[in-house]
Structure formats: structure tokens, C-alpha cells
1. Is the range B:204-218 home to any residue that is surrounded by fewer than 22 Cβ atoms within 10 Å (Cβ to Cβ), among the acidic types (D, E) and more than 11 Å from chain A (Cβ to nearest Cβ)?
2. Which of the residues spanning the range B:1-41 are part of a loop (DSSP other than H, G, I, E, B) and of a type in the set (S, T, N, Q)?
3. With respect to A:R268, determine if the residue is in contact with a Ser or Thr (Cβ under 7 Å, 6 or more places away or on another chain) and basic (K, R).
4. Could you check B:I74 against (1) assigned to a loop (DSSP other than H, G, I, E, B); (2) touching a Ser or Thr at 6+ places or on another chain (Cβ under 9 Å) and say which number it fails?
5. Please go through (1) on the phi > 0 side of the Ramachandran plot; (2) outside the structural domain of A:S159 (by TED's automatic domain parsing) for A:K141 and return the number of the only condition it doesn't satisfy.
6. Applying the selection to the range A:242-292, what residues are in a strand (DSSP E or B), within 10 Å of chain B (Cβ to nearest Cβ) and touching a residue at least 24 places away in the same chain (Cβ under 8 Å)?
7. Please verify whether the range A:215-224 includes one or more residues that are of a type outside the set (S, T, N, Q), farther than 24 Å from A:G129 by Cα and not in a helix (DSSP H, G or I).
8. Can you say whether A:P319 is more than 9 Å from chain B (Cβ to nearest Cβ) and not aliphatic (A, V, I, L, M), as far as the supplied structure shows?
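The values are calculated or read from the model by the stated rules, or taken from the named source; none is laboratory data. Predicted model, so just to flag it, every value in this text is computed and none were measured. A quick note on method: Cβ atoms are made from the backbone with ideal geometry, for glycine too, and the neighbour counts reach across all protein chains shown.
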Protein chains: 2
Amino acid sequence: MNIDRVVLAERPKGEPTKANFRFEKVGAPKLHKGELLLKVKWLSLDPYMRGRMDGSKSYAAPVSIGEPMQGECIAEVIDSQNNEFKVGELVSGGFGWVSHAVSNGKQLRKIPKSNIPEQASLGVLGMPGHTAWVGLNKIAKASPGETIVVSAASGAVGSLVGQLAKKKGLKVIGVAGSEKKCTYVTEELGYDGCINHQLASSVEDFRQLITRHCPNGVDIYFENVAGITLEAVLPNMNDFGRIAVCGMISWYSGKGLQEAMIFPKFWRMVLVKRLRVNGFIIFDHKESFPEFQKEVSSLIQGGEIKYKEDIRDGLESAPESFLDLLNGGNFGKMLVRL
Amino acid sequence: MNIDRVVLAERPKGEPTKANFRFEKVGAPKLHKGELLLKVKWLSLDPYMRGRMDGSKSYAAPVSIGEPMQGECIAEVIDSQNNEFKVGELVSGGFGWVSHAVSNGKQLRKIPKSNIPEQASLGVLGMPGHTAWVGLNKIAKASPGETIVVSAASGAVGSLVGQLAKKKGLKVIGVAGSEKKCTYVTEELGYDGCINHQLASSVEDFRQLITRHCPNGVDIYFENVAGITLEAVLPNMNDFGRIAVCGMISWYSGKGLQEAMIFPKFWRMVLVKRLRVNGFIIFDHKESFPEFQKEVSSLIQGGEIKYKEDIRDGLESAPESFLDLLNGGNFGKMLVRL
């Protein structure tokens, strides 16, 4: 049996391309005692993977050239030399962009049988959902009556941020990249409004659109994208506003960096408006995963939370799907079904 | 009797000059029932006053052209139509750059008789001291064993930040603008080290100086100055580091703004290092003043906290003394004795 995998062929210069990836087949290693063989069923594609393609130091080590891209997966146990895992069980773990993996059983999470589709464990009930929950509750410390702006509002993280914020009693305005996404955000997810950033002709125009949607100002900005969205939100922030910095996808590949506002202008806003700006990374918050999962599973089962998936088929589709994700070409949580 | 006062003659273009100020004499108004006449003994000069000279909106309204400059003072009651205040009592309040003031008795704080010199109520026991205490304890949430870098380390705020941090068990490194100030900071205030920013030949050189003084990185940066100090500290920040943004004196007059790092570079640091950046203004924290004052008075009386004053004589010295303060020409809390 061979294992298919997608490895990092070279580091991107600016925006990634398909040439940065390479497909390989490698032989499956023999199982030792305590190990299990896993067949990947679902691969999650997430914006943070862009950072792992660069060689520079970040909060996690980069992917080495020639090594498989990292990623969260759902897999089925197809062979087991480990008493704790039986053939046929489903587990999630960071197996990477691969068709099969060998594991010693550590760092795996069993997926309980439930009426919620298994792949939700990679999205609304997994890392992106947990990110939304932590950012809103622990980082931004949202309170009823406040106004929140959520960027990438129809994405895996943003779509849950806004729904949880609505349930908490906040006014919720989204920012998304198409009319179709905005309609989904307001009509399906129940946001109070959504701004299509493609329609903003300038930062100033964008700023005014936010002012119109948020006449009482913005108390919380949930930051997934940076770029002109950030620049348009900042002047709308209220005193004592909070910014939960979760991602900055529009700056990941070096576009628009020089056009950004000058740093001292931002620094003055922090002081004058007494802003609290807080970067966070979900891997630091494992202790709250059970609480998050319990709360959000029950909301999903009760039909109170909706989520959307953008499913692509076959491991070979992963690179192109990932490039789509970076350019906002997905609509919902990006998943590859193997 | 006439009242001497220093009014804002014109708004500064860039760095302020003496021509931005004008001396005036106005007649003293007659006291009405409930009012008291105050003779100012001490005027405090503080960096925040620079912001009030500009016409742009900030957390407080600007000084109007032709109106007296704002400022905290200690004054003696010399006439009183108010039963709560007796002639001869000392009070503090925001009377401005004036020789005399009429008050209705509201917003005044009586200065209790003590063995601490009265003018400490404008410095270590007043607004600057309270700023240090709030920034360290409530904003940065300093913990024993952490490393803090304090800019403007010999100034009214910085000198107390570092001493309180030492008492809490932190490693404390200062940044100041001369060898004399650095010697004072380490030998008198007990900081673990102090960097003379005048000796840094470049941001990179400055960054390395900080690395050498803080081999375990920087957990807290107490920001009073911005500019190259900020740029040199940022790469030294540890994961989960906090920045208490209290002031940015080096950028107040528009110098060095364009040379600053690009904003996206900073934004990435916030995310990757999970920084918490928190602007604060002392006027929002009145509720903690009694707790601060009790704690710090007793430390001063016990000889555990030192403070230094830079005393200038006569209201006519106020503009030049203020310009000195903006350029780091003071050594200790800047006060004008009338």
C-alpha cells in the first residue's frame, strides 16, 4: 500500500502558487506495537497554513521543504496494534495533507457518534469554532449591548463569532467579499448587517460604510483579515474598544503592506481611545475546548447555530483549494474529502 | 489684585516654541457666596499638555486659543466664602498656568498635613504616581519574576513604575536619555540596569542593547516615549507580553513618524507573540486613587520609594520649562514654584 501526500516543494515568494507543492507516493511503514494505521477521510484547509510555508520563525515551526504540509484531519482506524483504538473508529488529529498516517495513539481525539456530521469536528466543532468562541468570550470579553464587527464573516471562524455574539445580545456587523456571502451572513446567520468590501472604492468610503452600519461606533473588532478592512474599522472604534487579533489573511503574502497607515497613527489611537489589542492563537487555549464543544454542540443540535462547508474532492485538489481559500474563493469552511 | 496667566497664543506647527504662549494679566473677579480665592504655589508640567495644544480631537478637549494652558496645581486658600474651606488651607486642582484662581470648591482635593512635602501631591503622590501604579498593576498586570522595560525611566511616571516593579519582584530595566539619568536610575532607584538611548547608533544597535540587558526577553514594556525605543523593544517582547501605552512623547510633535516601522510588521508581532497592547489614561481610574495614595505614601514615609523634582521658579519660566520637558531636558518631576 502506498501513501499519497502533498509536500512543500519550495517556499512561496509572495503569493503561493501550485508550483510550491508536489505530489508524492511513499510506502506505508510496518506497524509496531502500540501503533495504528489511519485512512484520512477529511482534510481541513485553514489560513494559518500560509504562515507555515514561510521559513521565518513564528509561533510554530515552519514546514520543511520536502515534508508534507501540516493540517488537521479526520481519519478512520484501518489497522491497530493499540488496545485503545479499534478498526473502524474515527479520530481527528494533525496528520497533514496525506492519504494515510501511522500514529502511536497520542494527540488523537476520538470523534463521538452523534447526529452531527463527522466533518464538523474540523470546523464549527473543531479548531475554527473554538477560535471563534475563545476570541469572543475570553479575548474580546464581549458584553450584551455592544457592537462587534466581524471580518471574513462567512468564513469558518467568522460565521460562528457572529452567531455567538448575536445570542449574547450584541449588535453584529459582518464584512465579507461578495454579495452572495453578505446575503448568507444576514439572512442565514442572522447578522444585523454585512458590508461587501468589494464595493468599497477607498478606505475612506469603507470607513463611512462602517460608520453607517455602526452609528454608535464599534466596541469589538474581530480581526481575521487586516488590510483595508482594519484601516476602515480603526477610526470607528469606541473608547475602551477591543481588537481580537486572530488572523490577517490579506497581508499573509506581502500584498498591501506599504500602503498601510503609518504605525504612529495607530499607536496614537491606542492611547487616545484606550484600546485593548490582543493577539491570540487557539493552540494556547486547549483547556477550554470541552466547555466550548459542549456549548456549541448543543446549539447545533438545537438548530440555533448554522454552518456551511465548501467541500472539494480528492487530495489532489488540496493545493488549488488552499489557494482559493487565501483569495476568499471559498464559501464556508474549506474541506477536502478523500 | 491682578491674576497672571499663560495662555495659548497659537497652535504649534510641529515642535512647540515659546511664541505659542503669551503672558497676560487679568483682573481678579469678586468672590460670590460659596467661592474661594486661591493663590497657586506649585504648577505641575506634564507631557500630556502637548496634546491639549493641538486642535484635533483627543480624549480631552483642546485648550482654546487665548485661554490659559491647563495644568494641575497646589494652591493656598487666601479668601473664602465657602464654609468647607478655610484661609490657609492647601488644596490641589486643575487651575492651569495661573497665579490665582477662583473656585466653587468642587473638584478640589485638600492636601493633608504630613511630613511629605506638599508638592509630592503633584508628582509621586499625584497624577504621575497614580499613572505608574495603575499602569503596572491594573494594565500590565505585572507578576514576580517577569522582566519589565520602562522608558523615560527617570521621569515622574517611570521612576515610580520601576521602583514599584522592583518591590513586586520583577527584573527592571530602564531607558533614559543621559548617563547621569541612567546612574540615578540604577544607583538611586535600584533598577537592575538602564540603557542610555543617546548611545544607540541605530534601532538595531538599540535592539541588541535591550537583548543584552534582558536575555530572557521582555514581558512588559511600559511605554512613555514611542519612537526608536518602541521599535527596539518590540522584537524583544516575549510571547504573551504586555505593553501599557501611557504616552509617546517622542512622536507628539510629529518628528520621526515616517521613519517608524510599517504597521503590518507590528500587527504580525501582535498575533505571532500573542501580545496584549493596552492604552490607558489616568483620568479613567479615579476609583483607585485612595488605594494608590495609601500604599505609596506609606512607602515614601518608610524611605522605600525615592523621587526627584526638577523645580523651576516663577510662572514666567513655565513655557521654557515645558519645552525642556518635551525634549527630555528635565531631571525628575517638572514643577514650577510660584
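1. yes
2. The answer is B:T17, and nothing else.
3. no
4. (1)
5. Here A:K141 clears every test but (2).
6. Listed by number, the residues that qualify are A:R242, A:I243, A:V245, A:R276, A:V277, A:N278, A:G279.
7. For the range A:215-224, residues of a type outside the set (S, T, N, Q), farther than 24 Å from A:G129 by Cα and not in a helix (DSSP H, G or I): present.
8. yes
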